[in-house]
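I have placed the structure first, in the form of structure tokens, so that the comments after it can refer back to it.
The values are calculated or read from the model by the stated rules, or taken from the named source; none is laboratory data. Predicted, not measured: the structure shown is a model, and the values here were computed from it. As a convention, Cβ positions derive from the backbone with ideal geometry for all residues, glycine included, and neighbour counts pool all protein chains shown.
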Amino acid sequence: MDEENINETFQELKKKFNIIKNEGFIKGIKQKSFGNSGLTFENLIGKDNDELQFADYKGVEIKVKSKNRSNYGYIALFSLVPSNCFGIELKKLRENYGYYDKDFPSVKVLTSSIFANICLKQKSNYFFKLYVKYCEKRLYLYIYDDKNNLVNKDIYWDFKDIIKTLKNKMFYLALVKYDTKIVNKIKYFNYTSINFYKFKGIDDFFNLLENGLIRVYICLGVYKSGNKIGLEHDHGICFEIKEYNLLKLYEKYEK
């Protein structure tokens, strides 16, 4: 998308945002959903909920975050399963390196923050570490046992898959902040600010990943309520960055 078109999209989003902001507190549309605030904002701007590997709104990816949350908190950039790890392979990852859920002890779960600059111990007593291998153009997940033996080095993301996702989904970004109030157990959101950003470059992404400023977050959990209670729930595998590091990956767009 060229600069003229993206500038028009930013202005369009800004106008829609100002209308929403002036409405004050708005009732959330998905009260039981963790993404209630984001789904509500997307609904207000006329976007249908989806999980496609493309930007949310005319080439712009929208992230919604509470203004009361610390900027030390992580922002999810995009979800991407390993290039060789679908379906049954994710189940193997859960079963081989996960741990039993405290509420549903027959179900293994795996929640893990993984970095390239440090090898971290998991609750299952395995150790996880990322390796950026430029010669192979792959990002690997290495898994070690408690005796520092490498037990799995078969999980990887091809650079081409990461780069494709970045270009399709994350080149332009809108960060929306909001306040929350709860009335009779119902959440309401007041969207207070919006800022726009442009992706710096692929090299910046991999440098931040290699230095531990971007993490991979795995969340293979279990349904805690509802019709599927006690069943496995794959929330996904996400690349994330702390908000205070965002300007190392993006430049603020202020035209």
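Mind counting the residues in the range 204-229 that are loosely packed, with under 14 Cβ neighbours inside 10 Å and either touching an Asp or Glu at 6+ places or on another chain (Cβ under 7 Å) or modelled with pLDDT under 95 (or both)? Of the residues in the range 204-229, 6 are loosely packed, with under 14 Cβ neighbours inside 10 Å and either touching an Asp or Glu at 6+ places or on another chain (Cβ under 7 Å) or modelled with pLDDT under 95 (or both). Contact map, the range 78-96: residues that are on the phi < 0 side of the Ramachandran plot and among the charged types (D, E, K, R) paired with residues that are at pLDDT 90 or above and assigned to a loop (DSSP other than H, G, I, E, B), Cβ distance under 8 Å, separation 6+ or inter-chain. Pairs shown: Glu89/Pro82. What do you reckon, is Gly73 farther than 19 Å from Glu240 by Cβ and touching a residue at least 60 places away in the same chain (Cβ under 8 Å)? No. Of all residues in the range 161-175, one or more are part of a strand (DSSP E or B), at pLDDT 95 or above and among the small types (Gly, Ala, Ser). Residues in the range 96-155 that are among the aromatic types (Phe, Trp, Tyr) and not in a strand (DSSP E or B): Tyr97, Phe104, Phe115, Tyr126, Tyr134.
Restricted to the range 135-155, and to residues there that are buried (at least 19 other Cβ atoms within 10 Å of the Cβ) and either of a type in the set (A, V, I, L, M, F, W, C) or modelled with pLDDT under 95 (or both), the residue that is farthest from Cys85 (Cα to Cα) is Ile143. Put simply, of Ser83, Ser37, Ser66 the only residue that is under 30 Å from Val151 (Cβ atoms) and either under 20 Å from the mean Cα position of the chain (by Cα) or at pLDDT below 90 (or both) is Ser83. Among the residues of the range 8-32 satisfying the criterion of being surrounded by 14 or more Cβ atoms within 10 Å (Cβ to Cβ) and out of contact with any strand residue (DSSP E or B) (no Cβ under 7 Å at 6 or more places or on another chain), which is modelled with the lowest pLDDT? Here the residue is Lys30.
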